[in-house]
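Below is one structure, written out as structure tokens; comments come after it.
Each value in this text was obtained by applying a stated rule to the coordinates, not by laboratory testing. Just so we're clear, the structure is a prediction, and the values are computed from it rather than from any experiment. In this analysis, Cβ positions are derived from the backbone assuming ideal geometry, glycine residues included, and neighbour counts consider all displayed protein chains.
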Amino acid sequence: MQPRVLVTRHVYPEAIELLAGRCEVDYEDSASGIAPHDLPARIADRQALVCQLTDHIDDALLDAAPDLKVIANVAVGFDNIDIPAATRRGIVVTNTPGVLTNTTADFAFTLLLAAARRVAEADRFLRAGLWQQWQINLMSGHDIHGQTLGILGLGRIGQAVARRASGFDMRVIYHDTQRAAQEVEQELGLNYASKEELLRAADFVSVHVPLTDDTHHYVGADELALMKSTAILVNTSRGPVVDELALADALHAGLIASAGLDVFENEPEVHPALLQLDNVVLVPHIASASIATRTRMCTMAAENAIAVLTGQRPPNPVNPEVLGKL
Ligand code: GLV
């Protein structure tokens with residue numbers, strides 16, 4: 001009998017092709033995915049789950065899945081899954097690191113550039129028929145070259161953002177719970193700073209920490225108050241890492257100059273106060289959304305699920321401690 005897999009919502013077809021050859025697949029091929037109240041019934045006899053960051057996989061749901069061996073998340077972040085609950089049950093959780101690093105770093109820079117040079121605002125202005133003539137100060141923004149970039153969280157994506165900054169002649173400082181190895185600092189031309197020093201000194205702050213209990217509202221009113229009034233904040237990590245209301249207040253009051261946000265506290269909702277502001281670029285969680293990268297994320301998740309189902313070590317476990325129990 002083939003192993004039984006549940007795919008909770010639409011994925012790139014290459015992933016289904018991989019799974020279909022080896023498994024019996026229940027595929028919910030829709031953008032909205034399986035409704036939370038239908039998930040327990042659909043997962044009940046499944047051995048693998050291929051899910052996305054919009055699926056909340058908690059303790060109660062896992063109670064409904066006695067045969068489950070693997071949860072393959074199509075994302076590098078896995079804050080949508082109760083990892084201790086999975087680990088207690090010996091269920092392997094996997095993610096999709098690496099493949100999206102450069103695509104996401106490209107996009108952090110896209111937001112940084114767009115926020116600094118007012119691209120979205122200028123586009124709205126032009127489309128609204130408001131452009132009357134060339135003007136010396138029309139849509140004047142902030143320079144990027146020669147400025148100081150502060151990176152909060154120097155993981156894979158934070159490092160890739162630092163690499164891009166050198167092409168813009170930026171000075172790069174970073175803060176993380178652990179200081180990077182000297183070779184990494186040297187190679188990327190980085191200087192370590194405390195969180196406060198970084199917030200005070202940076203012209204741009206780009207956030208790359210994972211969402212955990214410790215990083216909820218990691219950038220809130222106190223942090224925003226430390227930033228320069230000309231500073232720009234970019235968030236491509238997870239929405240709850242930044243206090244959205246505090247950010248809206250800071251942008252409104254001119255405490256910081258502008259922001260670029262890919263992620264939000266209650267996706268797909270965006271705080272109404274942010275929607276009122278011109279000095280923030282808002283996009284719908286698309287930092288890793290190149291066709292090639294999103295396709296590869298889907299096939300990686302399928303490969304991780306297949307590996308566990310066939311008794312192999314999956315390439316990307318996030319709770320490797322359960323692998324001994326396989
Ligand atoms: C996207 O946000 C991801 O975590 O991969």
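Compute the separation of the alpha-carbon centres of region 153-220 and region 286-313 and state it in Å as a whole number. Cα centres, region 153-220 to region 286-313: 28 Å. Kindly work out what percent of the DSSP beta bridges joining two residues of region 120-256 are antiparallel, to the nearest 5. The answer is about 0 percent antiparallel.
Treating only the Cβ of Lys, Arg, Asp and Glu as charged (+1, +1, -1, -1), what charge dipole size does region 136-188 show about its Cα centre? Round to the nearest 20 debye. Let's see the in-between values first.
Working: 5 positive and 6 negative charges, 27 e Å.
In debye, rounded to 20, region 136-188 gives about 120.
Is the C-alpha gyration tensor of region 36-185 telling us rounded, prolate or oblate? Criteria: a/c under 1.5 is rounded; beyond that, a/b larger than b/c is prolate, otherwise oblate.
Details: a/c = 4.16, a/b = 1.79, b/c = 2.32.
Cα axes put region 36-185 in the oblate bin.
Think of it as helices only: each DSSP H run of n ≥ 4 in the chain is worth -39500 (n - 2.57), and spread over all residues that comes to -9500 deg cm²/dmol at 222 nm.
How big is the charge dipole of region 124-236 about its Cα centre, in debye rounded to the nearest 20, if each Lys and Arg gets +1 on its Cβ and each Asp and Glu gets -1 on its Cβ?
Numbers: 10 positive and 13 negative charges, 108 e Å.
The dipole magnitude comes to about 520 debye.
Here the Karplus relation 6.51 cos²θ - 1.76 cosθ + 1.60, evaluated at θ = phi - 60°, turns the backbone of region 43-50 into coupling constants of 8, 3, 10, 8, 9, 9, 10, 10 Hz, with x for every Gly and Pro.
Going by C-beta contacts inside 10 Å, put 269, 121 in order with the fewest on the left.
Values: 269 11, 121 19.
By the 10 Å Cβ count, ascending, the order reads 269, 121.
Positive end of the dipole of region 51-152 (Cβ unit charges, origin at the Cα centre): among 68, 119, 129, the Cα lying farthest that way belongs to 129.
Classify region 171-225 from the C-alpha gyration tensor, please: rounded if a/c falls under 1.5, else prolate or oblate depending on whether a/b exceeds b/c. Provide the component values of the computation, followed by the final result.
On the way: a/c = 2.49, a/b = 1.45, b/c = 1.72.
In terms of gyration-tensor shape, oblate.
Please compute the contact order of the chain in relative form: average sequence separation of alpha-carbon pairs under 8 Å and at least six residues apart, divided by the residue count, as a percent.
Details: 637 pairs, mean separation 65.1, N = 326.
Contact order relative to length: 20 percent.
Treating each Cα of the chain as an identical point scatterer and summing with the Debye formula, the log10 of I(q)/I(0) at q = 0.07, 0.15, 0.16 Å⁻¹ comes to -0.32, -1.18, -1.27. Once the chain from residue 197 to residue 156 is taken as fully extended at 0.36 nm per residue, the excess over their C-alpha distance is 12.5 nm. The long axis of helix 244-253 is offset from the longest Cα principal axis of the chain by roughly 10 degrees.
To the nearest 20 debye, what charge dipole does the chain have about its Cα centre, counting +1 at the Cβ of each Lys and Arg and -1 at the Cβ of each Asp and Glu? Don't jump to the answer; show the numbers that get you there.
Values: 25 positive and 41 negative charges, 155 e Å.
Using only the charged Cβ atoms, the result is roughly 740 debye.
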